[in-house]
Amino acid sequence: MVDVSDFALRAARTRLGPRADLVQWVTTDARELRLPRKVDLWHDRAVFHFLIAAADQEAYLASLSHALRPGGHVVLATFGPQGPENCSGLPVERYDSAKLARRLGADFDLVRSLEKLHTTPSGTAQQFTYCVFKRRA
Ligand SMILES: C[S@@+](CC[C@H](N)C(=O)[O-])C[C@H]1O[C@@H](n2cnc3c(N)ncnc32)[C@H](O)[C@@H]1O
């Protein structure tokens, strides 16, 4: 699991309990991630949408391309078109599936998408777009 925040990773580790030992925990910026081996699946909920500058999005996508094997899958969840414009005081980029597919580019085929309302612990509903992509082999 990758996060730029040690605090966030510690919270996830605690929630997993003994199963945390099955996970490799990596504290780094997703824009700089260089895994030593290819993975079959990249899963991101609510990280990519914080990257609003084109250069930051491109750096993230370079990490994704470096990490994911050809034929591998990506699950990306971002705020949807009617989702919040900010999160934790930071601006976000909102996506529908077509916009996300354009951003990932021709190397990735959209397999499935759905929009879902997520209820935060404080009871606020947030619209998310979930997409599954397959990287071309
Ligand atoms: C809204 S939380 C989502 C956490 C978790 N993925 C989930 O779905 O519950 C956003 C997380 O993205 C992390 N984050 C933000 N920018 C990042 C970056 N450039 N690289 C890695 N993690 C980042 C934050 O530290 C935070 O833990």
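Counting only trypsin sites (Lys or Arg not before Pro) that are in a DSSP loop and have at most 14 other C-beta atoms within 10 Å, tell me the longest site-free stretch of the chain.
Within the chain, the longest run free of exposed trypsin sites (Lys or Arg not before Pro) spans 39-135.
Would you list, by chain and number, the lysines whose Cα falls below 24 Å from the Cα of K116, excluding same-chain residues fewer than 8 positions away?
Of all the lysines, those that pass the test against K116 - Cα under 24 Å, at least 8 places apart if same chain - are K99, K134.
For L117, L33, L22, what ranking results if the residue with the fewest other Cβ atoms within 10 Å of its Cβ goes first?
Ranked by crowding around the Cβ, least crowded first: L22, L117, L33.
Neighbour counts of other C-beta atoms within 10 Å: give me D29, D6 arranged from fewest to most.
Numbers: D29 13, D6 10.
Least to most surrounded, the residues fall as D6, D29.
Could you check the simple spin-label distance between L117 and A12, using points 7 Å along Cα→Cβ, in nm with one decimal?
In this crude label model, L117 to A12 measures out at 2.8 nm.
Give the residues of the range 113-135 whose amide nitrogen is closer than 19 Å to a point set 7 Å from the Cα of N86 in the direction of its Cβ.
So the set is 120-127.
Which aspartates and glutamates have a Cα lying under 17 Å from the Cα of K38, excluding residues fewer than 8 positions away in the same chain?
List returned: D107.
Quick check: residue separation of E58 and D40 times 0.36 nm, minus the Cα distance between them. What number comes out in nm?
4.4 nm
In the Gaussian network model of the chain, springs joining C-alpha atoms below 10 Å, which of G71, G80, G89 carries the largest mean-square fluctuation?
Highest fluctuation among the options: G89.
Read-outs throughout are calculated quantities, based only on the coordinates presented, and are distinct from any laboratory measurement. Since we're looking at a predicted model, the values are computed, not measured. Because the Cβ atoms are built from the backbone with ideal geometry, glycine has one as well, and the counts that use them run over all protein chains shown.
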